[in-house]
Structure formats: structure tokens, C-alpha cells
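For reference, the structure is listed below as C-alpha cells.
The values are calculated or read from the model by the stated rules, or taken from the named source; none is laboratory data. Predicted model, so just to flag it, every value in this text is computed and none were measured. With ideal geometry, Cβ positions are generated from the backbone for all residues, glycine too; neighbour counts draw on all protein chains shown. Keep in mind that these areas ignore ligands, DNA and RNA; they rest on the heavy atoms of the full protein, side chains included. Shrake-Rupley method; radii C 1.70, N 1.55, O 1.52, S 1.80 Å.
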Amino acid sequence: MRVFWCLVFLAVPILAVLSCIYAEDYGLWFPGEAETLLGKQIDDLFYMINIIVTVTFIGSNAGLCYVIWRASGKQEEGGKAWFCHGVHSLEVIWSIVPACILMFISLYQLDVWMQFRVRTNYPTEAAAKPVAEVTARQFEWRIRYPAPGKDLQLQPQPDDLYTVNDLHVPVNQPVMIQLRTIDVQHSFFVPDLRVKQDAIPGQVIPIWFNVLHNGEYDLTCAELCGWGHYKMRGRVVAEPVEDFQAYLVKLQAEQSYDGVANEDSPELAQSGEE
Amino acid sequence: MSTLNPALEHAHDHGHGDHHELTFVQKYIFSTDHKIIGIQFLITTLLMLLVGGALALGVRWQLAFPWQSMPILGQFFYGAQGGQIAPETYTMLFTMHATVMIFLVIIPVLAGAFGNFLIPLMIGADDMAFPTLNMLSYWFMWPAIFFFFLSFVFGGGQAGWTSYPVLSAVVEAAPGSGHAQTCWLMGVTFVGVSSMMGSVNYMTTIINMRAPGMTLFRMPLTIWAMFITAILQAFALPVLTAAGFMLLTDRTLGTTFFVPSGLVINNSDPTVGGGQPLLWQHLFWFYSHPAVYIMLLPAMGMTSDMLACMSRKPIFGYKPMVLSMATIAGLGFIVWGHHMFTSGMNPALGMTFMISTMMIALPSAVKVFNWIGTIWGGRITFNTVTLNCVAFVSMFLIGGLSGIYMAAVPVDIYFHDTYMIVAHFHYVLFGATLFGVFGAIQFWYPKMFGRLMSEKLGKIHFFLTFLGFNGAFFPMHLLGMAGFPRRYADPYVHPYLEHLVPVNQFITISAIVMGSAQILLLFNFCYSYFCGEKIGRNPWGGNGLEWFAPSPPGHGNFDVLPVVYRGPYEYSSPLVTDRDYLMQTDYLPPPDSESKDETDEQKT
């Protein structure tokens with residue numbers, strides 16, 4: 001039985017490490033490469049912590065398995081256990097070394113956090129001209145863009161453009177959105193972009209990110225907001241800035257189409273306007 | 001040192017078996033005897049463990065087989081929905097699962113059951129300082145259970161156990177949650193009152209009623225843990241109670257502590273307001289983070305005692321162990337913000353909370369190293385107690401280390417509210433605390449009932465639980481890596497989560513194995529009461545005062561007033577040759593020089 005139980009405890013670290021190594025093959029790792037600059041830095045920080053944690057984990061488990069193996073053999077060998085109340089130097093070592101490592105980890109993280117959240121570090125141009133306002137609501141994302149050529153104002157303007165669950169942003173440049181909620185708390189979470197920010201009732205919270213590649217990214221809600229929490233599915237579309245402008249123009253045409261200007265589709269109305 | 005020592009008088013009163021005539025009700029129901037109260041707490045919490053586990057299995061069913069009707073039970077519980085779990089039912093299930101497990105299982109099983117049972121026995125007192133208050137602390141659990149049950153009947157809390165406003169404050173936000181959420185808040189308040197009474201009692205008892213010779217640094221680590229936990233409760237709980245009342249008045253009297261103006265919820269009229277939802281988060285976590293340690297420290301203390309006894313070896317680094325528990329408690333008060341990294345609070349706060357959170361990993365690490373040190377060079381047999389204790393250390397390692405990812409703010413941006421968090425706290429609360437509790441039940445059961453629990457059943461229970469637990473919760477880390485959010489009734493509407501169904505099915509099967517294994521524990525508990533091997537005072541060769549008392553101890557605990565000569569961890573001491581333990585009460589007369597050495601040893 002001694003061998004069996006030692007193997008049970010030894011299996012924990014082995015299976016844990018193996019499952020993490022092979023996790024990626026089964027889609028159990030990050031949903032993809034981070035698609036933002038900050039996201040890449042976040043991933044790097046994750047991998048840095050991962051190395052430290054893995055080494056500690058393996059080391060501690062090796063220690064644990066070794067001592068239980070030795071201690072459970074004592075019964076057969078005979079003799080008393082080691083009468084020892086502790087080793088002072090060991091206590092000092094295993095207090096100071098982890099303290100330094102933990103301090104290093106936390107100080108090393110500060111930079112990315114400052115870039116992401118501290119107002120003075122926001123990219124100036126993006127902060128001056130937020131792309132859109134995202135208003136969360138049970139259970140959808142309402143998006144308000146300023147009309148082409150105008151800036152987003154805190155108060156809605158008559159010519160603002162609205163969509164639901166579909167946020168378009170220009171690619172390859174820092175963009176800022178204003179996040180708010182009309183009812184309960186929600187959280188704007190785009191896994192591929194490694195962006196998450198709660199929307200707090202009564203507050204307007206700016207978030208910025210810099211999407212690196214064209215594409216559609218899933219937008220989900222990460223804070224319990226009621227029975228339909230799970231279905232707040234939206235998407236973030238990153239596209240070249242010209243396409244983004246064209247999208248806004250198209251939206252504007254659709255929105256201001258009064259049904260009589262042209263009997264054909266809004267596209268024609270749009271071309272007429274141009 | 002102990003100025004107040006009723007043990008003296010009572011030892012005489014009850015020494016010769018001339019008990020007061022107590023009726024059955026006085027003796028076993030409205031009992032003021034700490035042992036009976038402890039056992040009442042234990043049985044109540046074990047039953048609640050089954051309730052909480054059943055709720056969790058409901059959650060797991062939905063995640064593994066979304067919208068499929070639950071076999072047998074589905075028709076019974078959700079007949080109106082064709083056996084399906086509706087999304088609001090799902091929300092209720094995980095809310096009530098967390099509520100039951102935290103407020104009715106883990107906190108009361110540690111402080112209520114083991115705190116009550118062990119504190120007077122381990123410090124050599126005849127009972128708690130305030131026996132009636134102690135009785136009330138148990139009976140205040142029942143209004144809490146009643147209100148939680150009522151909340152369940154009304155549709156259940158709909159805002160998670162964290163109950164963030166505005167969802168929890170405005171009735172329109174969660175249709176049907178009107179009375180349910182209010183009852184939920186009442187339940188939390190009663191649990192708080194119950195814990196508060198316990199905590200005042202524990203502090204007073206530990207400070208005032210220690211046996212002669214039981215200095216602070218001769219107390220077992222369990223007592224230190226209970227003492228520190230009681231302090232945490234006394235200082236943190238009022239904040240939650242106050243916040244709970246504020247939320248209650250928001251719901252019922254129309255105040256707006258947590259509701260800002262202008263919200264339009266479910267097309268209702270815009271709210272009047274001026275409140276701040278973040279205030280709730282600060283107040284709630286100011287209690288609930290220390291509460292995490294309330295749910296862990298006693299288990300750490302008990303595991304330390306059990307590990308030392310099972311390794312037949314003094315605890316490695318007694319003072320560092322005490323200090324690290326005190327540090328955890330102290331730092332525990334200034335880390336609550338790490339639950340709110342993505343909440344939009346001042347980013348400078350995020351940085352400070354990250355540093356304090358990282359630093360709280362340090363005393364935890366010191367404790368793990370000391371536990372490993374305790375086994376090092378020891379002499380263990382793999383009985384159920386040892387297995388559970390080693391599992392405690394092994395699981396706490398995983399739970400503690402995964403915390404580091406979340407403590408780092410930038411990385412937490414991604415992991416916040418994903419299954420990584422779920423994995424992390426289950427590894428700490430189940431992996432560490434509950435394995436500690438399972439060990440403790442096995443270890444102190446003989447003292448409670450005078451019989452040993454079945455080893456065979458205990459080992460099977462341990463193995464199945466350990467297997468099921470790791471199968472259920474380790475893959476959750478990986479779900480978290482894949483960005484799987486918490487509290488989703490149907491995550492698979494999101495394309496990037498579709499491929500995770502098989503993993504969730506695996507988790508659910510493991511959870512069912514783990515859940516079913518708990519029936520073995522209950523069976524063992526009942527079976528051993530009647531058929532367990534009868535044993536004497538000290539079945540494990542322990543050193544503590546509780547092993548000096550008869551099993552089970554009578555009213556007043558000790559037949560002879562204990563006098564303490566040394567710390568509780570003198571296992572394998574060279575001072576005695578015929579056995580490998582030296583009880584705290586054993587008086588060794590040999591020359592002065594030797595007894596001096598002994599006190600020196602205790603100081604190191």
C-alpha cells in the first residue's frame with residue numbers, strides 16, 4: 001500500500017504538468033495568439049509566471065513525495081522519528097527567497113498595468129478621439145459611433161450612429177472606446193484581445209487596445225448580469241481604417257434613409273450622397 | 001496565568017459522576033455543552049454538504065449536457081420545463097451552491113464544529129466561556145438555513161453569492177428574485193450573527209480559560225488558528241452585516257446606497273439614485289476576503305496538529321507557523337481589492353493590492369515548506385488521517401500557486417471571472433479545507449464518540465474523493481486558459497467555446513464520482529457510531545490535552561484537572577524511551593538541568 005499511496009501523490013504533479021503540456025493540442029490553452037500589443041505583453045507575463053510557478057510546483061512536489069516516501073519506510077526500518085523542532089537557517093532561506101521572487105513578479109507586472117489603465121499613459125490620439133461608446137444592457141451591447149468626421153460626445157448627438165452587438169474598429173492603431181451600462185453591471189471581455197473591463201452603473205470607463213490583425217473577435221460578458229448573462233454575444237471587427245470609414249458612411253446612409261430618397265437599396269442612397 | 005478557571009470547581013462537581021439531572025432536550029438539543037454543540041454543528045454541516053453538492057451537480061449537468069432534461073430528477077424538480085434547467089434556475093443553482101457551501105458548510109464546520117469541540121478540550125477548560133451564547137450560535141444557524149431555504153422556494157438568489165448590485169439591489173433586474181434575494185440577505189445576516197457569537201466566545205475562552213501551564217506558545221496550532229480566525233471574524237463581519245443591511249434597505253425601503261441615478265432596468269422607470277455599486281464590492285470583499293482565510297486557517301491548524309501526530313515528529317518551525325498564520329490574517333485585511341482588478345477602481349489601488357496579494361503568498365509558502373519539513377524524517381503510516389493531510393498539502397500547493405497568476409493584475413485581466421478562478425478557489429476551499437476536515441473527522445471522531453471510524457471505508461472515501469476532485473477541478477484551469485467564463489448557463493452559444501463540451505462532460509462525470517463518494521463518508525460516520533472499534537483515551541498517541549480527557553469526555557471534560565508542562569509537539573522525544581509521545585500533562589521529575597534543556601528546546 002505504501003507504494004500505491006506514494007504513487008497517487010506523485011501522479012498529481014506528473015499528470016498536472018503533462019496535461020498542461022498537451023493542453024494546447026486540445027484547444028485548452030489561450031484561444032489564439034494575443035491580437036493586441038498589450039495582449040502579447042500579458043501573454044509574456046503569463047509565461048514568465050508560468051515558468052516560476054512550474055519550477056516551484058515541481059520542486060515542492062518532489063520534496064513532498066520524497067519525504068512521504070522516506071517517512072513511510074521508517075516503520076519497516078524501525079527506530080524513532082527525527083526529533084527536531086525546525087531548522088532556523090532553512091526558515092530564513094524559505095522566507096527570504098520566495099519574498100524576493102514574489103516582489104520581483106509583482107514589480108515586473110506594474111508596467112503593463114500602467115500602460116493599460118493609468119490615464120496619463122493612454123495613447124494621446126486615441127484618447128482624444130474615442131471611436132465609439134459601448135453601452136451594455138441586459139442582454140446586448142449597444143454601440144454608438146459619432147457621425148463620420150465628428151467626435152464622440154458624452155451626450156448623444158442627433159446624428160450619432162447606432163448598432164447592436166457589432167463593434168467595428170480600425171486595425172493597427174490604438175483605439176479607445178467608452179464603456180458604460182444602462183442597467184446592471186456587465187463586463188466587456190474579448191478573449192482574443194486579452195481585454196476585459198467591467199461596466200459599472202453610473203460610470204463611463206475608457207478602454208483602449210490596439211488590434212494587430214484584421215478579423216472578427218468574439219465579444220462576451222464576464223460579469224454576472226442576470227439570467228441571460230451567457231447570451232451577450234457580440235463581435236469586434238477590426239478592419240483597415242478606410243474600410244472602417246466606409247462602414248460608418250454606410251451606417252449613416254442606412255440610418256438616415258427615409259424611404260423616399262431613392263426607391264432602391266441604401267447603397268444607392270449612399271452613392272448619391274457621396 | 002489563567003485567572004478564570006472554572007475547571008477547578010467543576011472538576012470536583014463532576015468528578016464523581018454526580019451529574020445534574022438533565023432532560024434529553026437539555027442534554028442533546030438545547031445543550032450548552034461545547035462538545036454537543038460541536039457535534040450538532042458537524043452533523044448539520046455534513047448534511048448541508050450533501051445539499052450543496054447536489055446543487056453543484058445540477059450546475060455540472062447543465063454545463064455538460066446543456067438544455068437536456070436531467071434523468072429522473074429533472075422531471076421531479078423542473079417538470080414544468082420538461083426537465084430542463086432554465087437559465088434563471090441555473091443562476092439560482094450556482095448562487096445557492098456557493099451560499100450553502102460557504103455559509104452553511106465550510107465556515108460552520110471549521111469554526112462551529114471543530115472550534116467548539118476542540119477549543120476547551122485542547123486548552124484544558126471545562127467548557128466555553130459563555131455556554132449559552134455558544135448554544136445560541138448554533139441555533140442562529142437555523143433561521144439562516146430557513147431563510148436560505150425560503151429563498152430557494154421563491155426562486156433562489158439570482159445574483160451569485162457575491163450579490164453585486166445593481167443586479168441584487170433592484171428587483172426588476174432579475175425577474176422573480178423579489179423575495180428570494182431579500183430572504184438570501186436575511187440568511188446571510190443570521191449566519192453572520194451566529195459566527196459573531198462564536199468568535200466572541202472563542203476569543204474569550206482562549207484568552208481566559210487555559211489550563212495552568214498552558215502559555216500562549218504552548219498552545220496547539222489548531223488553537224492558534226481558531227484564535228486568529230475568531231479575531232478575523234470579529235473585525236470583518238460587522239462590515240458585511242452593515243453592507244447587507246444597506247442592500248436590504250435598498251431592496252425594501254427604497255434607499256439607494258448602491259444604485260446610481262438614471263439606470264433603465266428592464267424598461268422600468270429610470271432609477272433615482274446617487275449610490276455607488278463599487279461601494280458594495282469594497283464592503284463585501286472587505287469581509288469576504290478575510291472570510292477566505294476564515295475558511296482556511298482552522299484547517300491549516302488542524303492539519304498541522306494531525307501531521308505532527310501522524311509523522312510522530314514535532315511540528316517543523318512552530319513559531320514560524322504561528323507567525324505566518326498571523327501574517328496571513330493581517331495581510332488578509334488589505335488584499336480585498338484583488339477581486340476587483342477589472343472593476344474600474346483607481347488603477348493605483350490595483351497596484352498596491354497586487355503587491356499585498358503577492359506578499360500573502362509568502363506566509364502560505366512558509367507553511368507548505370514547514371509541513372513538508374514536518375513529514376521529513378518522520379515516521380508515517382498511510383492511514384486515512386495521513387492521506388487526507390498529505391492531500392491537503394498537495395492540493396493547497398496547486399491552489400496557492402494558481403493564485404499567483406490571478407494576483408498579477410495584467411494577467412488577471414484575462415483570467416478574471418473565467419474558470420481559472422473557479423479552479424483556484426475550489427482547490428483551496430475543497431482541496432485544502434475539506435480534505436483537512438475529512439482528516440479531522442477521522443482523527444477526532446474517537447474523541448467525540450469513543451469509537452474509531454472504519455479505516456477501510458475512510459480510505460476508499462479518500463481515494464474516490466481525491467480522484468474525483470482532481471478530475472473535476474484540474475481541467476477547470478485549462479478551461480480558464482481557453483477563456484471559459486463563469487456563470488454561463490450555456491457557454492456554447494459562443495463559437496470559441498464550442499469545442500469544450502467533452503472536457504465539461506469529463507468534469508461532470510468526475511464530479512458525480514466525487515459527490516457519490518461523500519455518501520461513504522456519511523455511512524462511515526453513522527456505521528462507526530455503532531460498530532466502530534471502541535478505544536481508550538489516546539488512540540493516536542497524541543500529546544494534546546484532548547487526549548488526556550476520557551473518550552468521549554463527560555460533562556466538564558476532564559476527570560483530573562490538567563496541568564501543562566510543555567508544548568504539544570514533543571513526539572519522539574529522547575526524554576522518554578518507552579513510547580514516542582510525551583503528553584503535555586506528563587510530569588517528568590528528573591534533574592533540574594534536563595528540564596531546563598527542555599524549555600530551551602521549546603524556545604527554538
| request: Anything in chain B that counts as a DSSP H helix reaching 15 Å or more along its axis (C-alpha) with Kyte-Doolittle mean of at least 1.0? List them, would you? | output: B:34-64, B:141-153, B:221-252, B:347-375, B:384-407, B:501-531
| request: Pull up the cross-link candidates among the lysines for A:Lys80, meaning alpha carbon to alpha carbon under 17 Å and not fewer than 8 places away within one chain. | output: B:Lys313
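Of all the Cα-Cα pairs you can form in segment B:308-348, what percent are over 13 Å apart?
On the way: 553 of 820 pairs.
It works out to 67 percent of all Cα pairs.
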| Number of partner chain Cβ atoms within 10 Å, mean per residue of B:343-353 | 5
| Mean Cα-pair separation over length for segment A:124-273, i.e. relative contact order, pairs under 8 Å, 6 or more apart, % | 24 percent
| request: Determine ³J(HN,Hα), in whole Hz, for all residues of segment B:156-162 in sequence, where each value follows from phi through the Karplus function 6.51 cos²θ - 1.76 cosθ + 1.60 and θ = phi - 60°; x replaces Gly and Pro. | output: x, x, 10, 10, x, 6, 6
| task | For B:Glu570, tell me the accessible area in Å² from a 1.4 Å probe, rounded to the nearest 10. | result | 10 Å²
| Given a Förster distance of 45 angstrom, what is the FRET efficiency for A:Gln255 paired with A:Leu90, based on the Cβ-Cβ distance and rounded to 0.05? | 0.05
| field | Charge dipole magnitude, Cβ of K and R +1, D and E -1 - segment A:124-273, Cα centre, debye nearest 20 | value | 720 debye
| request: For chain A, find the longest principal axis of its Cα atoms and tell me its angle to the long axis of helix A:2-23, 0 to 90°, nearest 10. | output: 20 degrees
| Dipole of the protein assembly as shown, positive end: most advanced residue of B:Ala174, B:Gly317, B:Val576 [Cβ charges, Cα centre] | B:Val576
| query | Say a paramagnetic label sat at a point 7 Å from the Cα of B:Phe77, along Cα to Cβ; which residues of segment B:86-114 have their backbone N under 20 Å from it? | reply | B:86-106
| Given the C-alpha centroids of segment B:187-222 and segment A:1-64, what is the distance between them in whole angstrom? | 40 Å
| task | Once you have the Cα-Cα distance between A:Val204 and A:Lys129, take 0.36 nm times their residue separation minus that, and quote the gain in nm to one decimal. | result | 25.5 nm
| query | Percent relative contact order of chain A, based on C-alpha pairs within less than 8 angstrom and at least six residues apart? | reply | 17 percent
| note | Taking a crude spin-label model, label points 7 Å out from Cα along the C-beta direction, the B:Ser261 to A:Val55 distance in nm is 5.7 nm
| Hey, got the dipole for chain A? About the Cα centre, +1 on K and R Cβ, -1 on D and E Cβ, debye to the nearest 20? | 1840 debye
| said: Taking the square root of 5 times each eigenvalue of the Cα gyration tensor, what semi-axes in Å does the equivalent ellipsoid of chain A have, largest first? | reply: 55, 20, 16
| Computed E for A:Val3/B:Asp559 - FRET, C-beta separation, R0 60 angstrom, nearest 0.05 | 0.85
| message | Averaged across orientations, what area in nm² does the convex hull of the alpha carbons in segment A:1-135 project? | response | 14.0 nm²
| Averaged over B:379-385, how many beta carbons belonging to a partner chain fall within 10 Å of each residue's beta carbon? | 6
| request: Taking only Cα atoms and a 10 Å spring cutoff, compute GNM fluctuations for chain A and point out the largest among A:Leu152, A:Leu64, A:Leu179. | output: A:Leu64
| note | Tilt, helix A:88-117 to longest principal axis of chain A (alpha-carbon atoms), in degrees rounded to tens, equals 10 degrees
| task | Can you tell me the FRET efficiency between B:Phe149 and A:Asp166 if r is taken as the Cβ-Cβ distance and R0 is 41 Å, rounded to the nearest 0.05? | result | 0.40
| For chain B, what's the relative contact order in percent, using C-alpha pairs closer than 8 Å and at least 6 residues apart? | 16 percent
| field | Whole-number D in µm²/s for segment A:124-273 (Stokes-Einstein; Kirkwood sum over Cα pairs; 20 °C, 1.002 mPa s) | value | 134 µm²/s
| said: Per-residue Cβ counts within 10 Å, from other chains only, averaged over B:26-34: what number is that? | reply: 0
| said: So, for segment A:124-273, what is the accessible surface per residue at a probe of 1.4 Å, expressed in square angstrom? | reply: 40 Å²
| said: Based on C-alpha coordinates, I'd like the Rg and Dmax of the protein assembly as shown, in Å. | reply: 29.2, 113
| Carbon-plus-sulfur fraction of the accessible area of segment B:315-472, 1.4 Å probe, in percent? | 76 percent
| Cβ crowding within 10 Å averaged over residues, with B:377-386, B:299-308, B:518-527, A:220-229 ranked highest first | B:299-308, A:220-229, B:377-386, B:518-527
| note | Checking A:Ser95, A:Ser106, A:Ser187 against a Gaussian network model of chain A (alpha-carbon springs below 10 Å), the top fluctuating residue turns out to be A:Ser95
| query | Under a straight-distance cross-link criterion of Cα-Cα below 24 Å, which lysines are reachable from B:Lys456, leaving out those fewer than 8 residues away in the same chain? | reply | A:Lys74, B:Lys447, B:Lys534
| request: Report the residue, chosen from A:Glu133, A:Glu91, A:Glu242, that carries the largest GNM mean-square fluctuation when chain A is represented by alpha-carbon nodes joined by springs under 10 Å. | output: A:Glu91
| field | Antiparallel bridges, percent of DSSP beta bridges restricted to the protein assembly as shown (to nearest 5) | value | 75 percent
